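Asker: I'd like to ask some things about the structure below.
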Amino acid sequence: MRLKFLALPALAVALLSSSPASPAQIGIGINIGPEPVCPYGYYDFTPYNCAPYGYYGPEWFNGDAFIGAGPWFHGRGDFYGGVDNRFDPRYGYRGPYPQRGDRRFNNFRGNQMRDGRGHMRGMGHR
């Protein structure tokens with residue numbers, strides 16, 4: 001008798017708490033914010049820190065404006081420009097980084113081609 005008494009409320013709770021099936025929804029939100037203000041541009045990989053003097057070649061600049069990298073890339077879809085990956089922290093660079101207002105470089109020695117979106121290829125391909 002006592003089991004019947006508990007079974008009825010348990011059944012009622014189970015029926016009332018069930019909801020009709022709905023299609024699964026997946027949402028991805030990325031809030032990156034404004035592009036970094038860097039005198040020589042910024043790396044094309046997160047966290048998009050400022051790149052040092054000499055990392056990017058002159059083709060990455062339009063006058064004094066950096067054309068972008070990563071989510072803020074402003075170049076053509078088929079663009080590849082030279083970089084010197086010796087200034088890349090993923091390859092062991094631990095040297096100085098630019099300060100606000102530093103001037104751009106004049107002497108570039110690239111060893112890699114990058115597209116601004118994290119893709120790379122050899123220097124011989126343009």
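Asker: If only one of Gly110, Gly116 is in contact with a strand residue (DSSP E or B) (Cβ under 7 Å, 6 or more places away or on another chain), part of a loop (DSSP other than H, G, I, E, B), modelled with pLDDT of 85 or more and small (Gly, Ala, Ser), which one is it?
Answerer: Gly110
Asker: A further question on this structure: Only residues in region 50-62 that are surrounded by fewer than 23 Cβ atoms within 10 Å (Cβ to Cβ) count as the first member; pair them with residues that are part of a loop (DSSP other than H, G, I, E, B) and among the basic types (Lys, Arg), Cβ under 8 angstrom, at least 6 apart or cross-chain, and list the lot.
Answerer: Once the first residue is surrounded by fewer than 23 Cβ atoms within 10 Å (Cβ to Cβ) and sits in region 50-62, its partners that are part of a loop (DSSP other than H, G, I, E, B) and among the basic types (Lys, Arg) give Tyr53/Arg104; Gly54/Arg109; Phe61/Arg104.
The values are calculated or read from the model by the stated rules, or taken from the named source; none is laboratory data. On a predicted model such as this, the values are computed, not experimentally measured, just so you know. Glycine also receives a Cβ, built like all others from the backbone with ideal geometry; neighbour counts cover every protein chain displayed.
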